[in-house]
Amino acid sequence: MFFALWPPDEIAGRLAAVAVDFSQAAGGRSTRRETIHLTLAFLGDIAVERLSELRRVAGEIDAAAFDLTLDRFGVWQHNRLFWAGCVSPPLLLDLAGALSKRLLAAGFAVAEAKRTFVPHVTLVRKLVRLDVALPAAQALTFHCGAFVLVRSRLSDKGSAYEVLARFPLAASQR
């Protein structure tokens with residue numbers, strides 16, 4: 001289970017195309033368009049009996065909607081990932097921080113809760129070549145008016161995601 005921001009189809013399609021192109025040059029497994037997201041909090045396995053509590057905690061988050069601009073690409077060599085990222089807007093950091101804090105207070109384990117939140121969208125996993133030039137970044141902006149709770153199911157074809165709940169963010173000045 002994890003909480004995430006889900007970009008609109010157009011943005012996901014553009015990121016998926018970049019992922020395919022980069023994976024052809026660098027090797028690795030590109031992220032499929034339908035699974036492109038920005039993780040806010042990764043929880044791992046959660047007992048079905050705790051889902052209502054998880055929904056309640058997330059529903060109590062009081063955070064404002066915001067626009068997010070993905071405007072850079074990078075490679076993390078230590079875990080062989082190609083990603084798209086951004087300068088962290090304060091409202092994104094507020095959302096991720098509040099979510100993590102409330103989940104921890106409710107007794108949920110949040111992966112990497114002790115690390116600084118680094119917003120990114122994973123585009124290619126298991127890179128073979130780490131020396132491939134990064135593509136030129138074009139700013140991709142989308143409105144984040146809600147975050148989602150997602151269940152991940154692993155198979156030999158990769159992860160399949162099911163959105164279990166949507167949590168609206170408060171309207172903000174745009």
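Rounded to the nearest 5, what % of DSSP beta bridges with both residues in the chain are antiparallel?
Percent antiparallel among DSSP bridges in the chain is about 95.
Could you derive backbone 3J(HN,Hα) for the range 143-159 from the dihedral phi with the Karplus parameters 6.51, -1.76 and 1.60 (θ = phi - 60°), listing whole Hz in sequence and x where the residue is Gly or Pro?
Going residue by residue, I get 8, 9, x, 6, 10, 10, 9, 10, 9, 10, 10, 8, 8, 5, 9, x, 8 Hz, with x marking Gly and Pro.
Counting only Cα atoms, I'd like the Rg/Rh figure for the range 97-174, Kirkwood definition for Rh.
Reported Rg/Rh (Cα atoms, Kirkwood Rh): 1.01.
Over the residues of the chain, compute the C-alpha Rg and express it relative to 2.2 N^0.38 Å.
1.03
How large is the helix-only mean residue ellipticity at 222 nm for the chain, computed as the sum of -39500 (n - 2.57) over DSSP H runs with n ≥ 4, divided by its residue count, in deg cm²/dmol to the nearest 500?
Taking each H run of at least 4 residues, the total per residue is -8000 deg cm²/dmol.
Rank 156, 94, 131 by mean-square fluctuation in a GNM of the chain with C-alpha springs under 10 angstrom and give only the top-ranked residue.
Among 156, 94, 131, the largest mean-square fluctuation in the Gaussian network model of the chain belongs to 156.
On average, how much area does the Cα convex hull of the range 31-96 cover when viewed from any direction, in nm²?
Its Cα hull, projected and averaged over all orientations, spans 6.3 nm².
Please report the orientation-averaged projected area of the range 1-61, defined via the convex hull of its C-alpha atoms, in nm².
If I average the Cα hull's projected area over directions, I get 5.3 nm².
Viscosity 1.002 mPa s, temperature 20 °C: Stokes-Einstein D of the range 70-140 from its Kirkwood Cα radius, in µm² per second?
Taking Rh from Cα pairs, D becomes 154 µm²/s.
No lab work stands behind these numbers, since they all come straight from the coordinates. Please read all numbers here as calculations on a predicted model, not as lab measurements.
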